[in-house]
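K.L.:
Just dropping this structure here.
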Amino acid sequence: MTNEEKILEMLASIQTDMNGMKADIGELKADVSNLKTEAIKTNLRIENEIIPKLKVLAEGHAMLSETLAPKSKVDELQSDVELLKIVVKNLNSEVQQLKKAQ
């Protein structure tokens, strides 16, 4: 095999490799294009569906936070109710004793 034949064989091998690389690059470009399309769809869905729902959820949460009594107020009211129960029980006991005394 002469040097010229060896060079031609190497060039043919390089050409085959180049054609394979071109095909791979074409596939990669198609994949990137598909990914871009999917990213656009995802962004549109986030903008049109998810963000508005999150805003409504946040508004509802803010409204609930404004209308609900703070925990300290609830605890205070529970203490008051317990005290009132004790007072009513004592008053009821005193009324019963007064009825017996008559």
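K.L.:
Return yes when K36 is modelled with pLDDT of 95 or more and within 50 Å of the chain's Cα centre (by Cα) and no when it is not.
P.N.:
Taking the combined requirement at face value, the residue satisfies it.
K.L.:
Still on this structure, I have one more. It is to be established whether one or more residues within the stretch 16-29 are more than 23 Å from the chain's Cα centre (by Cα) and not in a helix (DSSP H, G or I).
P.N.:
The answer is no, given that none of the residues of the stretch 16-29 is more than 23 Å from the chain's Cα centre (by Cα) and not in a helix (DSSP H, G or I).
K.L.:
Only one of A30, A62 is surrounded by 10 or more Cβ atoms within 10 Å (Cβ to Cβ) and modelled with pLDDT of 95 or more; which?
P.N.:
A30
K.L.:
Related question: Would it be correct to say that E4 is over 40 Å from the mean Cα position of the chain (by Cα), exposed (fewer than 10 other Cβ atoms within 10 Å of the Cβ) and on the phi < 0 side of the Ramachandran plot?
P.N.:
Here the answer is yes, as E4 does meet what is asked.
The values are calculated or read from the model by the stated rules, or taken from the named source; none is laboratory data. From a predicted model like this one, the values you see are computed outputs, not experimental measurements. Glycine gets a Cβ as well: all are built from the backbone with ideal geometry, and neighbour counts include every protein chain shown.
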